[in-house]
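Have a look at the structure below, then the notes.
What follows draws every value from the coordinates through simple rules; no lab data is involved. What you are looking at is a predicted structure, and each value in this text was computed from that prediction instead of being measured. Virtual Cβ from ideal backbone geometry, glycine too; neighbours counted across all protein chains shown.
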Amino acid sequence: MIVAERKPMDEIFQMLAGCKKVLVLGCGGCVTVCLTGGERQAEMLASQLNLAAKAKGEAMQVDFDSITRQCEKEFFDNLSEAPADYDAVLSIACGAGVGYMSEQFPKVTVLPGMNTTHLAANVALGIWEEYCRGCGDCMLAWTGGVCPIAKCSKSLVNGTCGGTDKGKCEVNPEMNCGWLMIYERLKELDRLDEYRTMRPLRDHRTDRGNGVRRLVLAEMTEEEAGDE
Ligand code: SF4
Ligand code: SF4
């Protein structure tokens with residue numbers, strides 16, 4: 001799932017400077033699951049902003065709403081408030097939701113209430129840890145299921161940098177060395193030959209070196225074209 005965290009209140013206030021009417025819009029997707037951007041958080045944020053505006057003597061009215069997903073057009077039909085009635089919509093979806101909504105409502109100022117951070121698994125109550133960076137060329141088959149891009153600070157693909165200290169990463173001593181994790185996992189699987197195989201340099205065109213990435217399901221796009 002995609003994880004996003006709310007921006008600091010000061011930054012949110014800065015973005016909303018001069019706005020008299022604001023809609024905080026939650027999203028029912030990933031950010032609801034990680035308890036940062038759903039309906040409940042939209043309601044709480046609207047209430048906090050109303051109280052803070054009052055305390056500062058600013059005339060700002062903040063309402064809230066939430067839709068199933070902000071990254072799909074059809075769900076905008078379920079908005080109970082009209083975005084155009086507001087000076088700004090503060091979206092607390094991930095960046096994809098904010099960007100897509102902005103495109104759908106070109107005359108409305110859509111602002112990001114969140115910082116989108118990582119692709120995660122829910123490893124313990126209240127903890128969503130990064131497991132993937134969407135590199136577009138998955139290597140988990142030969143790394144024992146441990147992602148070298150997300151779990152190694154330098155995203156190395158051919159083994160440790162040599163700076164591992166007592167199993168910890170030299171960049172961030174609070175985290176385990178990703179490559180030690182890969183080694184131990186492969187050893188457990190009796191697949192250390194994978195560790196000894198030299199891998200080619202990463203092709204960053206699958207990552208961020210080739211513009212906007214898209215998933216196109218031909219059977220669906222053809223079906224839609226046939227319906228027209
Ligand atoms: S290798 Fe790439 S696609 Fe696979 S988990 Fe890591 S970042 Fe994600
Ligand atoms: S110590 Fe391990 S996790 Fe840290 S950068 Fe080096 S190889 Fe990667």
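Amide hydrogen proximity for Leu111: with H placed 1.01 Å from N in the peptide plane, the residues at 5 or more positions away or on another chain lying under 5 Å are Val89, Leu90, Ser91. Using the Karplus relation 6.51 cos²θ - 1.76 cosθ + 1.60 with θ = phi - 60°, the per-residue 3J(HN,Hα) values for region 84-93 come to 5, 7, 10, 5, 7, 10, 9, 7, 10, 8 Hz, with x marking Gly and Pro.
On the beta carbon distance between Thr109 and Arg199, with R0 = 35 Å, the FRET formula returns roughly 0.15. The label-point distance for Lys20 and Val212, in a model that sets each label 7 Å from Cα toward Cβ, rounds to 3.5 nm. Who wins for biggest fluctuation among Ser155, Ser91, Ser80 in a Gaussian network model of the chain, springs between alpha carbons below 10 Å? In the Gaussian network model the winner is Ser80.
Per the Debye calculation on the chain with a single equal scatterer at every Cα and no solvent contribution, log₁₀ I(q)/I(0) for q = 0.08, 0.12, 0.17 Å⁻¹ amounts to -0.43, -0.82, -1.15. Distance between Cα centroids, region 181-219 to region 67-109: provide it in whole Å. Between the Cα centres of region 181-219 and region 67-109 lies a distance of 35 Å. A simple count of charges around Met181, restricted to other residues whose Cβ falls under 12 Å of its Cβ and scoring Lys, Arg +1 and Asp, Glu -1, yields +2. Using a Förster distance of 41 Å, how high is the FRET efficiency between Leu79 and Asn176, based on the Cβ-Cβ distance and rounded to 0.05? Efficiency computed from Cβ-Cβ geometry: 0.40.
The length gained by stretching the chain between Gln48 and Ala141 to full extension, at 0.36 nm per residue less their Cα-Cα distance, is 28.8 nm. Residues Lys166, Lys20, arranged from fewest to most other Cβ atoms within 10 angstrom of their Cβ, appear as Lys166, Lys20.
Above 22 Å, the calculated P(r) of region 2-118 contains 23 percent of its Cα-Cα pairs.
What FRET efficiency do you get for Ala124 and Thr164 if R0 is 35 Å and r is their Cβ-Cβ distance, rounded to the nearest 0.05? Once the sixth-power term is evaluated, E becomes 0.90.
Computed over the alpha-carbon pairs of region 134-228, the distance histogram in 10 Å steps reads 15, 36, 25, 13, 8, 3, 0 percent, short to long.
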